[in-house]
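> Submitted below is the structure of interest, expressed as structure tokens.
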Amino acid sequence: MRKHGTEIVAVALLFASAVAATQFVKKSAAQESKPAPTVDSRDSKAQERRKQELSKFMREKLEASSDVLEGLATEDFKLIASGAKRMQRLSAAEKWQVSNDASYRQFSNQFRRIMEQLETKANEKKLEGAALTWIEGTMTCIECHKWVRNTIIAEK
Ligand code: HEC
């Protein structure tokens, strides 16, 4: 009975984080549709290109997340492990380091550590442990984004 309880909570949390991620995407799409103030058209073009590259790079996390979720749902431990590995690689890339702020670095380190744990749980074939670690991971997505919205984007 208790075991079932944690499963239900885990599923509910996974669902909640999926909803939160979707809202974040919608919100950033809305922000993008605002016309950017143009000072010099060449500068803003380069800036726009960088923004799009960053966006593409950041969206890779969504693909990796859906691999992890699929892996959890179908008990495919290889898929969970490869999604976790991909997120470790993304978080170590230069493009990821959009801020030198201590908080951002802390979120990044936390995220990478959780993705390492997730890979370990998947390799040990521990489904519930992997599910709970994934929930922790999605909380970090949400917390880091919240920080980014309130500091980096607000400064732009
Ligand atoms: C350490 C901070 C951090 C963590 C953790 C993090 N992200 Fe992000 N994410 C960012 C930053 C920075 C951006 C770019 C924000 C901007 O300037 O538009 C971003 C953007 C995104 C975008 C929007 C891309 C676009 O422009 O369309 C998605 C989707 C996204 N992240 C998904 C995720 C998911 C899913 C997770 C968790 C599995 C996650 N992120 C974890 C920092 C983070």
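> Starting from the stretch 44-61, take each residue that is over 20 Å from ALA93 (Cα atoms) and modelled with pLDDT under 95 and list its partners that are more than 7 Å from the ligand (Cβ to nearest atom) and not basic (Lys, Arg), counting only C-beta distances under 7 angstrom and pairs at least six apart or across chains.
That search, which allows pairs on different chains as well, returns SER44/ALA36; SER44/THR38.
> Please specify each residue of the stretch 128-154 satisfying the condition of being of a type in the set (A, V, I, L, M) and modelled with pLDDT under 95. Even if it seems obvious, please write down each step before you answer.
As a first pass, look at the stretch 128-154 and keep what is of a type in the set (A, V, I, L, M): 130-132, 135, 139, 142, 148, 152-154.
If the condition is that a residue be of a type in the set (A, V, I, L, M) and modelled with pLDDT under 95, then ILE152, ILE153, ALA154 are the ones that fit.
> Oh, and also: Taking the stretch 62-83, which residues are more than 15 Å from the chain's Cα centre (by Cα) and either near the ligand (Cβ under 8 Å from one of its atoms) or touching a residue at least 60 places away in the same chain (Cβ under 8 Å) (or both)?
Correct list: LEU72 only.
> Which one of these does LEU118 not meet: (1) among the aliphatic types (A, V, I, L, M); (2) at pLDDT 95 or above; (3) within 20 Å of ARG149 (Cβ to Cβ)?
(3)
The values are calculated or read from the model by the stated rules, or taken from the named source; none is laboratory data. Only a predicted model underlies this, so the values are computations on that prediction, with no experimental measurement involved. As a convention, Cβ positions derive from the backbone with ideal geometry for all residues, glycine included, and neighbour counts pool all protein chains shown.
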